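Visitor: Sharing a structure below in structure tokens format, with a few things to ask.
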């Protein structure tokens, strides 16, 4: 689709990895760059990796890649496959499209979007089921541990749930009238 002699497109991409531990983000960036290097559709022309920074307890690292792809479509697939923070087309300065080829590309794009949408919906449904099951387990755990009134600190030790998070969960059970809070102690309503 690109109007260059060979159809190649040169672009610049910013890759960003955020997380912890510090070593993990370095390994993740190296893995990502290696995957791009191994991808026959792209050739890395230049890479510049910035030092790791820490912000609010998380580490972040950036890499700027200049790369060549065989076609404009390959640059779009690069975006889907490697999720860069940004992409800039450097060459060619103008792109020309043939309707049939662009139509084919749009249909491929739509198919990928639908596949991603389906995976997201399935993941959301699984997450909802896990959340519902975890809530049930938590209710049963609280029921079993509050046969006699207990403080949040004691319940935290017995359940292994951080006290501040436990208080939030207990507050929900109080609102549902399953747990009573009296004299700094929680107890299951019989």
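The values are calculated or read from the model by the stated rules, or taken from the named source; none is laboratory data. These numbers come from a predicted model, not from an experiment. Positions of Cβ are backbone-derived with ideal geometry, glycine not excepted, and every protein chain shown enters the neighbour counts.
Visitor: State whether one or more residues within the range 97-110 are in contact with a helix residue (DSSP H, G or I) (Cβ under 7 Å, 6 or more places away or on another chain) and under 18 Å from residue 12 (Cα atoms).
Guide: no
Visitor: Moving to a separate point now. Looking at the range 38-62, which of its residues are surrounded by 13 or more Cβ atoms within 10 Å (Cβ to Cβ) and either within 18 Å of the chain's Cα centre (by Cα) or touching a residue at least 24 places away in the same chain (Cβ under 8 Å) (or both)?
Guide: 39, 41, 42, 43, 45, 52, 59, 60, 61, 62
Visitor: Still on this structure, I have one more. Only one residue in 45, 58 is modelled with pLDDT of 95 or more and out of contact with any helix residue (DSSP H, G or I) (no Cβ under 8 Å at 6 or more places or on another chain), so which one is that?
Guide: That would be 45, the only listed residue that is modelled with pLDDT of 95 or more and out of contact with any helix residue (DSSP H, G or I) (no Cβ under 8 Å at 6 or more places or on another chain).
Residue-by-condition table, conditions (1) at pLDDT 90 or above; (2) farther than 18 Å from residue 134 by Cβ; (3) in a helix (DSSP H, G or I):
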{"site": "144", "(1), (2), (3)": "no, no, yes"}
{"site": "154", "(1), (2), (3)": "yes, yes, yes"}
{"site": "164", "(1), (2), (3)": "no, no, yes"}
{"site": "169", "(1), (2), (3)": "no, no, yes"}
{"site": "181", "(1), (2), (3)": "yes, yes, no"}
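Visitor: Related question: Checking residue 107 against (1) without any contact (Cβ under 8 Å) to a residue 24 or more places away in the chain; (2) in contact with a strand residue (DSSP E or B) (Cβ under 9 Å, 6 or more places away or on another chain): exactly one of these is not met. Which one?
Guide: (2)
Visitor: Then there's this: Only one of (1) in contact with a helix residue (DSSP H, G or I) (Cβ under 7 Å, 6 or more places away or on another chain); (2) at pLDDT below 95 is not met by residue 11, so which one is it?
Guide: (2)
Visitor: Would you tally the residues in the range 92-102 being part of a helix (DSSP H, G or I) and surrounded by fewer than 11 Cβ atoms within 10 Å (Cβ to Cβ)?
Guide: Result for the range 92-102: 2.
Visitor: Right, here's the next one. How do the pairs read when you match residues in the range 152-165 that are in contact (Cβ under 8 Å) with a residue 12 or more places away in the chain and at negative phi with residues anywhere that are assigned to a loop (DSSP other than H, G, I, E, B) and surrounded by 16 or more Cβ atoms within 10 Å (Cβ to Cβ), using Cβ under 8 Å and keeping only pairs 6 or more apart or on different chains?
Guide: Hits for this filter: 155/146; 155/161.
Visitor: Cβ-Cβ distance below 8 Å, separation of 6 or more or different chains: which pairs start in the range 18-29 with a residue that is assigned by TED's automatic domain parsing to the domain that holds residue 50 and end on one that is part of a helix (DSSP H, G or I)?
Guide: Once the first residue is assigned by TED's automatic domain parsing to the domain that holds residue 50 and sits in the range 18-29, its partners that are part of a helix (DSSP H, G or I) give 18/25; 19/25; 19/28.
Visitor: Does the range 134-144 hold any residues that are under 16 Å from residue 172 (Cβ atoms) and free of Cβ contacts under 8 Å to residues at least 12 places away in the same chain, and which are they?
Guide: Answer for the range 134-144, where residues must be under 16 Å from residue 172 (Cβ atoms) and free of Cβ contacts under 8 Å to residues at least 12 places away in the same chain: 134, 135, 136, 137, 140.
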